[in-house]
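Notes follow the structure.
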Amino acid sequence: MNRGARRAGTGLDELEALYRQKLPHFRRVAAAIVGDPERACDAVQEAFGTAVRRRSSFRRAGPLEAWVWRLVVNTARDHARRRDFPAENLVVEDTRTNGSTPFGEDVRVALALLPERQRLVLFLRYYADLDYAAIAAALEIAEGTVAATLNAAHASLRRTLQEVPR
Amino acid sequence: MNDLDPTLAAALDELVPPFEGIPSQWRDVLRRGGVGRGRSRRSRLLIAGASAAVLLGALAATSFGQAVLGSTLDRLGAWTGVAPGEPASTAQQEAFDAANEESYAHFPPGTQVGRLLTTTFEGETYELLGFRDGGSICLRLAGPQSEGRPPASCAPQRQLSALGEPAAVLTAGDVFSRGGEASATALYGVAADDVDGVLVETADGERHPAALRNNAFIYLAPGNRSFAGRAGADAPVRAIVHEGGQTLSVAIETGPAIDRPEPGDLPGPATVERTLGPSHIGWLERGEARGAPYDWPGAAPETVVTSRLVHPNPDSSFEMGVAFGRDGGGQEAVGWYCLSWLWPLVKGSGSYGCARETVTGLLPMYGSGQGADQFPLFAGLAADDVASLELFFPNGAHEQVPLVDNVYAFQAPRALHTKLVAYDAEHRVVGIYML
C-alpha cells in the first residue's frame, strides 16, 4: 500500500470507528437539538457524510472527534432551522402546552429559553457524556467557559422550570 | 453524570431517551460522502477539488463576472413579460394572479410574468418563469406539480450584482414529487448575457449540462438530489460557467454551515461596544396600531394585546404578522412576542411561533426553511435598543438592513459567510451575528 492510499484509508477507518463507537451519543445530542428522533438520525448521517467528503480538510489541529462533533452540532442546528420557524430563544407555539407529553414539554420550553451555547454545552455534557475538555474542543471555547456555562444552564433551567405554568 | 441535579437529569432523560435498536448505516454515510463502489481516484480528487472550489468560487470576484452580470441584471430588471424571453402563457399568468390574490402577502398588483425557457424531462414539461419584485429578481418553475413546492425563488438584484459572478443559482433543490416519491429535482438561476454554457457539478465529481436560454438556466435530475434530501453524492456543489473560452466556478451551498468564522474574520466591526440587557418592543406592548390590521391565527397567547401586519423590506413582498399577548393574569401573567411568516403566493398564514417577552438585541428567527435556497431570508424582531442593522460580506461589500417597526427581514447568499451587525441609536455596536 502506498503512502497516499494508507492516509486516505486511515481517515475513513477513523471516521467509521468513531461512528460505530459513538453513534447513540451523536444521535441523542442531535435529537436534543432537532427535537425529533428521525430527523436527528438524518442529521447525523448527513454530518458524517460531510465529514467523509471533507476529511481531507481536517488538519489534525485538534481531536478528530471534536471536529466531528462540530459537524454534527452544526448540521443538527441547520436541520432545526429548516423547520421554517424555530430558532434561538424561540418557543414554537405548539410546545407551549401544559399537558404531559412523551418529551416533557415543560423541559422543552425551559431548554428553548436557554441561550444556545448553554443548551449545546448541556446536551454535550449530559447526552454525550463528554468531559469539559472535550466539550471545549467541540465548541471551540475555553474549558473554563464550559464549567461556567454549564452552571448557568443548570441555574436557568431550575429557575425557568419553576416559572413555567403547570 | 454526577454534576446534574437529579430532577433535571430525569427530565432530560424523558425529553430525549437513549437511542436503542436503530441500526447504524455506515454505507449510507459513504454514499452521502461520495464514496461509491468502483469510483476512480480521479473522481475522488474531483470531490476534494470541488469542496475547495466552492469557497474559492464564492470569493472570486472577477472583473469578467462583475461587469457582465451587473449589466445583465439591469436588463433583467425589465422583466415585465416582454424581455428577455416572452410573456408567460395566459394560463400561467392567471395561475400566478390567482395565487397572488389568495395569499396574505402579495407581489405588486399587475406583476407580469415572463417565460424564460421551456424544457422537458422524463416526459414532463417544465417552464421557467421570471418576474420582478421590487429590487429582487424572481424565478418560478412551472411543472407537473405545484402544491408543496416553493412558489418562487427570489434574490436581491443588488446582491446578485455585488457577488461579481457571471451567473447565480437561486435554488439548488426544487423537488417535484409523484405518488409520494421524489420524481425530479430542479436547480435554476440567472446568467449574464455572454454566458454560453452552464454545467452543474455534483459532489461525486460528475458534470451535467444545464439548459440555458434568455439569461436563465435550469438543470433537472431524477429523484431527490438536494443535499437536504438523502442523496448527498448527487447533490450539486458548484456551477461551471462558460463564457467564450473562459470558465468560472460559481458556488452552490446546500449543506450545513460548518466552521463558521469569527467576527474578526469578516469586514466590519468585530467587537461589541455596548452590552445590552433584556429589553422590550414598546409599541407592541402598548397596542399601537402600526402597519396594517392582522388577525393573529394562533390559539395562543390567551390574550392578544396587539396583532399587526408589517412589511419589513421594500425589496421584497414578504410580510410578517407580529403580535404581543399574555397567558394568565396579574403578576403571574407571561408575555409573548409572536411572529407569523407571510409569503406571496402561499395561501393563508404561514408558520408562526412565539417567544418570551424579554428580548436582548435581536430575537433571531431563521426563515426560508429550504436548505436549497441560495438566498435564504432571515427575519425576526429587534428590541427597542436596536436602532439599525448592517450586513457585511466577505468581499468588503456591506448594506443596510431595513428595520421597520422592530421587524427585520433580509436575504443573504447561503454560499458566503456574512455578518449582521446591530447598532444602537448612537451607532454603537450592540450585537454581532455570524450567518
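Every number here is computed from the coordinates shown, using simple stated rules; none is lab data. Note that the structure is predicted; figures quoted are calculated from it, not measured. Glycine gets a Cβ as well: all are built from the backbone with ideal geometry, and neighbour counts include every protein chain shown.
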*Would you mind checking which residues have amide H under 5 Å from B:Q411's amide H? H placed 1.01 Å from N; only 5 or more apart, or other chain.*
B:F378
*asked:* Rounded, prolate or oblate for segment B:262-352? Axes are the square roots of the Cα gyration tensor eigenvalues, ordered a ≥ b ≥ c, and the cut-off for rounded is a/c under 1.5.
replied: oblate
*asked:* Considering the Cα positions of segment B:129-216, please state its Rg to one decimal place and its Dmax as a whole number of Å.
replied: 13.9, 42
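So, R0 is 41 Å and r is the distance between the beta-carbons of B:E206 and B:K347; what FRET efficiency does that work out to, to 0.05?
In this case the efficiency is close to 0.60.
Taking 25 °C and 0.890 mPa s as the conditions, I'd like the Stokes-Einstein D for segment B:263-434 in µm²/s, using the Kirkwood hydrodynamic radius from alpha carbon pairs.
The Stokes-Einstein estimate is 146 µm²/s.
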_Alpha carbon convex hull of segment B:86-155, volume per residue in cubic angstrom_ = 97 Å³
*asked:* Let me check against my output: what whole-number percent is the relative contact order of segment B:130-253, with C-alpha pairs under 8 Å and at least 6 apart?
replied: 20 percent
*Once the Cα atoms of segment B:97-250 are picked out, what are the Rg and Dmax in Å?*
15.4, 48
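Between B:A299 and B:S279, what FRET efficiency comes out of the Förster formula 1/(1 + (r/R0)^6) with R0 = 41 Å and r the beta carbon distance, rounded to 0.05?
0.90
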*Just counting partner chain Cβ atoms within 10 Å, what average do the residues of peptide A:40-47 show around their Cβ?*
6
